[in-house]
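The values are calculated or read from the model by the stated rules, or taken from the named source; none is laboratory data. Worth saying up front: this structure is predicted, and the values here are computed from it rather than measured. So basically every Cβ, Gly included, is an ideal-geometry build from the backbone, and we count neighbours across all protein chains shown. We work out accessible area using only protein heavy atoms, side chains counted, and drop any ligands, DNA or RNA first. Shrake-Rupley method; radii C 1.70, N 1.55, O 1.52, S 1.80 Å.
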Amino acid sequence: MVPLVAVVSGPRAQLFACLFRLGTQQIGPLQLHTGVSHAARNHYEVLVLGGGSGGITMAARMKRKVGAEKVAVVEPSERHFYQPIWTLVGAGAKQLSSSGRPTASVIPSGVEWIKARVVELNPDKNCIHTDNGKEIKGLPEGFAHPKIGSNYSVKTVEKTWKALQDFKEGNAIFTFPNTPVKCAGAPQKIMYLSEAYFRKTGKRSKANIIFNTSLGAIFGVKKYADALQDIIRERNLTVNYKQNLVEVRADKQEAVFENLDKPGETQVISYEMLHVTPPMSPPDVLKTSSVADAAGWVDVDKETLQHKRYPNVFGIGDCTNLPTSKTAAAVAAQSGILDKTISLIMKNQTPTKKYDGYTSCPLVTDYNRVILAEFDYKAEPLETFPVDQSKERLSMYLMKADLMPLLYWNMMLRGYWGGPAFLRKLFHLGMS
């Protein structure tokens, strides 16, 4: 068996990446420069850095390949969260408690949990030493004030629901930053849910709903963008493109936006409610590592998930430079491909399975409706079900709210869910 070192990371930005380093039987001891003491051994065939979606999933898969005693997960957090459900938590449709479980309960049985934080990564020396990050001016301290929340953090998601409940009259503003983000549909999902809440509570006529996005389109796939534009028109929502949130004056309830088409030109908008999607980036531990590309993302081949410069390094998840939307669904599909890739590499064979960029974004448009967007690298729909998924459907909402969490906890994190490709084949065979 060829020894493996697996690395998963992404603490600050909540982006997860997994690097797999193949070594030789004579590989030297792995040094853990973590700043804490622990009883871990100094060598594992598979070392996973970060217990996120990609990390736990691949730890489970690698356990079956090399044995649990040869796998360890480095993760400082006591709890693991299913973050996609936070859209519904922020809208009051789910409880925050339903989104998290003790990290110890999701670490594959027999796999060692090293409770520590990685601060440096050097694949040439098999060394790992954490990162710090930047925020929008006025944040995170602004979250101490009312009227402001974010569905992107366990610390602020319930503040979104409180701001929604406390809304009286004025602007309800929702933002999308000038960086890649986890699940690019989430910043607008909470806008649709908020609008529905205002309708249900008789406040809609008093709410001016604004979506300020740094992007130039509402969604990157035309089929779903067209459907969303219809909803935006029907519900009288205001969308301003190329507008990037640069400052929050929480004490004055003001948000400052820069016009990306005219750099330096800013606009101040008062708010009664503000939902912030924070700017995100790879953690510094990756950006300063030789595994990263010029932008700081793990530099992998988009089909094989093999590193472009290190033939014995592989990647999975949000911290990679894979040109697809960063979602848990993408991680699931990538895990199935990477599992097969590593199996062949370990046998000195050439990988044959190729990742097509599959990702999914359940666009929640109401408290009982979802547009299920599924697409590939070419921004072409890659739909699972034999229906028009650009239509709002109750069935897709129930899948998002109730079925997908079960699938996540019971199959994906245990390494048994590699995406819905086989379902597409079944449906297509049934229709042929």
Query - Cα-based Rg / Dmax (Å) for the range 157-239 - result: 12.9, 36
Query - Ranked packing of 296-308, 258-270, most packed first, by mean Cβ within 10 Å - result: 296-308, 258-270
**Report entry** Net charge of neighbours whose Cβ lies under 13 Å from the Cβ of K252, counting Lys and Arg as +1 and Asp and Glu as -1
**Finding:** -2
Report summary line: For the chain, the Debye formula with one identical point scatterer on each Cα and no solvent gives log10 I(q)/I(0) at q = 0.07, 0.11, 0.13, 0.14 Å⁻¹ as -0.34, -0.84, -1.14, -1.30
Query - Carbon plus sulfur fraction of accessible area for the range 65-129, probe 1.4 Å, in percent - result: 48
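For each pair in K287/K391; K155/K326; K115/K378; K63/K391; K159/K340, compute the distance between the two Cα atoms and list the pairs where it is over 31 Å.
Distance filter (> 31 Å) returns K287/K391; K115/K378; K63/K391; K159/K340.
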Requested in this report: With a 1.4 Å probe and every protein chain left in place, tell me how much accessible area T320 has, in Å² to the nearest 10.
Outcome: 0
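Regarding the range 335-432, what whole-number volume in Å³ per residue does the convex hull of its Cα atoms give?
Working: hull volume 11.4 nm³, N = 98.
Here the figure is 116 Å³ per residue.
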**Report entry** Lys/Arg +1, Asp/Glu -1 at C-beta; the range 259-380 dipole; positive extreme among P351, V331, C319
**Finding:** P351
Report summary line: Rounded to the nearest 5, the percent of DSSP beta bridges in the chain running antiparallel is 60
Report summary line: For the range 136-190, the accessible surface attributable to carbon and sulfur atoms (probe 1.4 angstrom, ligands and nucleic acids excluded) amounts in percent to 56
